[in-house]
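Visitor: My questions will all concern the structure given below.
The values are calculated or read from the model by the stated rules, or taken from the named source; none is laboratory data. Quick caveat: nothing in here was measured; it's all calculated off a predicted structure. Glycine also receives a Cβ, built like all others from the backbone with ideal geometry; neighbour counts cover every protein chain displayed.
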Amino acid sequence: MIDDATRAHGIPLQLSRGRVIASIQLELTEPVLIRFRQDLLEFVRVHAATGVVVDLNGVEILDSEEFVALTRTLAMVRLLGAETVLAGMRPGVVACLVELGIDTDDTLAALDVDAAIDLLHDLDEARR
Amino acid sequence: MSGAVTRIPVANEAQVAQAILEARLVGQRTGLDPAAVARLSTAVSELVRNILKYAKRGELRLGRCERGRLYGVEAQAFDRGPGIADIAAALADHYSTGGTLGLGLPGVKRMVDEFEIESAPGQGTTVTVRMWKR
């Protein structure tokens, strides 16, 4: 299920069994990030989603400001009550983020979307 | 820099995006491997965002560079902004004057093969980075 509102200019959001999958396939400019923040928060609330996976496999360059803007959005999602996982970051991207000295301690990550869904499942189990 | 130099003005977010795109294209055309292209582009991204944040406007210059048998890409981020009073401090980790992220210069330095900086208060800043083809 793809939300039509996000299809035009934004990042497509898919809902599957209470999980939102956001697949980022475009440059994360400031307007894109602002739009994504609004769309994602609203989508999570409306669908009462329990988890969010942000797929970054299509992103080749992610600088420190973009990464921080993204992780702030995920912190907001967690305040709504949903867990968040970054999936599929490329080796070049993670190497640069670590070289830049960015704090990634609060960020859950997985190799790909499937692994991220599994991780969300494990988090649910651990909470029970 | 040798040969054609691409100059991209940097004064707004769209030009930042353009600068990053050009860096990636020049890196690819020069034959840098994908990881090196990512490092170059991310370094350029940090540098041109610094221009926007601290100097408001400036320029990115991109071109090929050669040294003996080596060749690669040189990127120069140039501005006539406030400049940096204490370069050594700006190159130390956890230094910042605007926001919590700092200039990101130590990170940029680690990311590229060569890094040079010229700056003085009131004189602007020029950061030159090079990536060599392996």
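Visitor: Taking the conditions exactly as written (part of a strand (DSSP E or B) and modelled with pLDDT of 95 or more), does A:VAL44 satisfy them or not?
Guide: no
Visitor: Moving to a separate point now. Just checking, how many residues over region A:7-26 are in a loop (DSSP other than H, G, I, E, B) and either touching a strand residue (DSSP E or B) at 6+ places or on another chain (Cβ under 8 Å) or loosely packed, with under 15 Cβ neighbours inside 10 Å (or both)?
Guide: Of the residues in that region, 9 qualify.
Visitor: Of all residues in region B:30-40, count the ones that are among the charged types (D, E, K, R) and either surrounded by 16 or more Cβ atoms within 10 Å (Cβ to Cβ) or assigned to a helix (DSSP H, G or I) (or both).
Guide: So the answer is 1.
Visitor: Only residues that are out of contact with any Ser or Thr (no Cβ under 6 Å at 6 or more places or on another chain) and either assigned to a loop (DSSP other than H, G, I, E, B) or buried (at least 20 other Cβ atoms within 10 Å of the Cβ) (or both): list them for region B:16-29, please.
Guide: B:VAL16, B:ALA19, B:VAL26, B:GLY27
Visitor: Sticking with this one: State the number of residues belonging to region B:41-79 that are assigned to a strand (DSSP E or B) and among the basic types (Lys, Arg).
Guide: Residues meeting the conditions: 3.
Visitor: Taking A:ALA126 and the conditions (1) outside any loop (DSSP other than H, G, I, E, B); (2) surrounded by 14 or more Cβ atoms within 10 Å (Cβ to Cβ); (3) over 13 Å from the mean Cα position of the chain (by Cα); (4) not β-branched (Val, Ile, Thr), which numbered condition does it fall short on, given that it satisfies the others?
Guide: Going through the list (1) outside any loop (DSSP other than H, G, I, E, B); (2) surrounded by 14 or more Cβ atoms within 10 Å (Cβ to Cβ); (3) over 13 Å from the mean Cα position of the chain (by Cα); (4) not β-branched (Val, Ile, Thr), A:ALA126 breaks only (2).
Visitor: Under 9 Å between Cβ atoms, which residue pairs at least 6 apart in sequence (or on different chains) link something in region A:15-35 that is farther than 22 Å from A:ARG90 by Cβ and within 14 Å of another protein chain (Cβ to nearest Cβ) with a partner that is of a type outside the set (A, V, I, L, M) and part of a helix (DSSP H, G or I)?
Guide: Qualifying pairs under 9 Å: A:PRO31/B:GLU13; A:ARG35/A:THR6.
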